[in-house]
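Quick notes on the structure that follows.
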Amino acid sequence: MKYYFLNNYLEIPQIKSLSEEDRFAVSVVGSVLPFKVNSYVIDELINWKEVPNDPMFTLTFPRKEMLQKEHYEAVEKLIKDGADHQMVKEVSNSIRDDLNPHPAGQLDFNVPVLNNKKIDGLQHKYRETVLCFPNEGQTCHTYCTFCFRWPQFIGIKDLRFATEEAQKMADYLAVQEGVTDVLFTGGDPMVMSAEKLATYLKAISTERHNHITNIRIGTKVLSYWPYRFLTDNDSDDLLKLFAEISDSGKHLSLMVHMNHYRELETEAVQRAVVRIKDAGVVIRTQSPILKNINDSPEVWVELWKRQVQMGMIPYYMFVPRDTGAQHYFSLPLVETWEIFRKAYQNVSGLCRTVRGPSMSCIPGKIQILGVCNVKNRKAIAMRMIQGRNPDWIHKPFFAEYDEKAVWISELKPAFGEKRFFFEKELDLIFQGKLTDYSSSSYE
Ligand SMILES: *Cc1c(COP(=O)(O)O)cnc(C)c1O
Ligand code: SF4
């Protein structure tokens with residue numbers, strides 16, 4: 001397998017299918033947003049006859065419209081004028097700062113504390129589930145252009161989450177009796193060797209961790225490098241490790257990111273799915289809804305149907321976060337809900353395990369339930385699938401109808417209310433007057 005970055009992408013054999021302008025755009029946009037693509041994506045996923053509008057191309061290659069016009073022009077001018085590397089870097093960094101690199105308070109709000117020390121590399125936002133960012137898993141085989149984790153990939157060191165030691169994580173989890181789930185995420189934890197992954201998995205599989213019954217691994221590897229489960233040096237060790245965990249009585253789930261049914265079509269992915277399931281692992285799937293990639297009900301119907309047929313469980317449809325190239329990928333929430341609804345209507349109940357469309361924001365995961373008419377006034381009904389305070393979960397609430405809004409921050413409470421029902425408590429949490437799961441006083 002070969003990787004391509006900004007410095008060698010012109011060596012991609014198929015790159016000549018792109019116009020000169022589109023080729024140049026890769027270097028402009030790729031200076032700001034991360035860019036990395038492997039030969040599997042290039043040879044087996046992208047349909048080069050359809051570029052630049054091919055969904056797999058748009059998913060992985062920077063395109064001009066992904067930057068705001070003024071940002072694009074600023075970088076374009078520097079590159080055309082032959083500015084030095086340092087200059088381009090400074091301008092890129094300042095543009096990045098404008099792109100809300102830390103949506104939903106990723107960096108500050110959810111880091112847990114044990115014995116008055118922050119445990120970097122963990123996030124504990126919801127009662128039952130702790131997120132773990134293994135240090136060695138903070139990259140991916142290919143980068144997605146919509147990725148909200150993009151600041152982790154551009155080498156600004158202090159922006160990275162990292163778990164130095166699996167042990168620290170294990171110590172924290174040992175005393176969190178309320179935690180049932182650990183979710184390994186990244187980047188992509190499946191870039192780690194089987195041996196590294198085993199270190200993390202075994203650290204949380206001791207007697208002190210009997211309350212942890214579910215282990216999830218969030219990954220895009222099935223789509224970007226299915227040979228991870230087939231022909232890598234340690235593929236067999238990896239599957240043995242999976243089988244060991246599931247045989248030990250814990251539930252092991254791969255939370256697979258999959259944006260388009262094209263990702264399910266290669267022979268490699270189909271063989272990989274069989275091997276993973278044979279190891280006793282359940283595959284659940286998730287994806288944001290993205291303009292220019294999967295913004296039609298037909299794509300979702302096909303995606304969910306094929307997933308179920310192959311033995312996977314559709315789990316989440318997300319709304320793209322307010323970061324990076326959001327303007328390029330976002331659809332109005334109302335439109336997103338229409339697409340979800342049309343797709344949901346056209347599949348059987350086995351596909352309707354999917355939950356969404358959902359916004360992961362500071363208070364929780366907010367699901368758009370739909371547009372309703374109350375006394376001849378339109379409103380948008382929502383509820384929380386997950387909440388920083390568990391008491392908020394599953395309480396319907398309403399926003400004023402707004403056909404343009406793309407994110408919760410653009411919605412206003414309906415029926416003359418000043419604030420959404422959870423906002424006062426959210427303030428108290430951040431003032432330290434109410435505890436949540438990332439605070440030291442949580443017991
Ligand atoms: C989505 C999410 C979880 C898991 O929530 P489930 O509803 O159990 O899938 C855990 N932590 C964070 C920060 C999340 O965003
Ligand atoms: S695989 Fe996930 S973490 Fe990696 S670039 Fe894509 S969205 Fe981001």
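Bear in mind that the values in this text are calculations on the coordinates, not laboratory data. What you see is a predicted model; the values in this text were computed from it and never measured. As a convention, Cβ positions derive from the backbone with ideal geometry for all residues, glycine included, and neighbour counts pool all protein chains shown.
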Among 268-277, 144-153, 347-356, the order from most to least packed when residues are scored by Cβ within 10 Å on average: 144-153, 268-277, 347-356
Label-point gap, in nm, between residue 202 and residue 274 - each point 7 angstrom along Cα→Cβ: 3.1 nm
Set of aspartates and glutamates with alpha-carbon distance to residue 202 below 15 Å, sequence-local pairs under 8 removed: 165, 171, 181, 237, 244, 247
Per-peptide average of other Cβ atoms within 10 Å, ordering 8-17, 187-196 highest first: 187-196, 8-17
Segment residue 373-residue 118, extension gain: residue separation times 0.36 nm, minus the distance between their alpha carbons: 87.1 nm
Residue among 222, 428, 230 with the largest mean-square fluctuation in a Gaussian network model of the chain, springs linking Cα atoms under 10 Å: 428
Restricting the stretch 49-113 to GluC sites (Glu not before Pro) in coil, as DSSP defines it, with at most 14 other Cβ within 10 Å: 50
Coordinate range along principal axes, alpha carbons of the stretch 34-104, Å, largest first: 37, 36, 21
Amide H partners (placed H, <5 Å) of residue 225, local residues excluded: none
Distance in nm between pseudo-label sites at residue 403 and residue 43 (7 Å out along the Cβ direction from Cα): 4.9 nm
Efficiency of FRET from Cβ geometry, residue 89 and residue 417, R₀ 51 Å, rounded to 0.05: 0.65
Charge dipole magnitude, Cβ of K and R +1, D and E -1 - the chain, Cα centre, debye nearest 20: 1100 debye
Radius of gyration and maximum dimension Dmax of the chain, Cα, Å: 21.8, 64
Residue of 92, 19, 31 that the Gaussian network model of the chain assigns the largest fluctuation, springs spanning Cα pairs under 10 Å: 19
Potential extension, residue 210-residue 341 segment - 0.36 nm per residue separation minus Cα distance: 43.2 nm
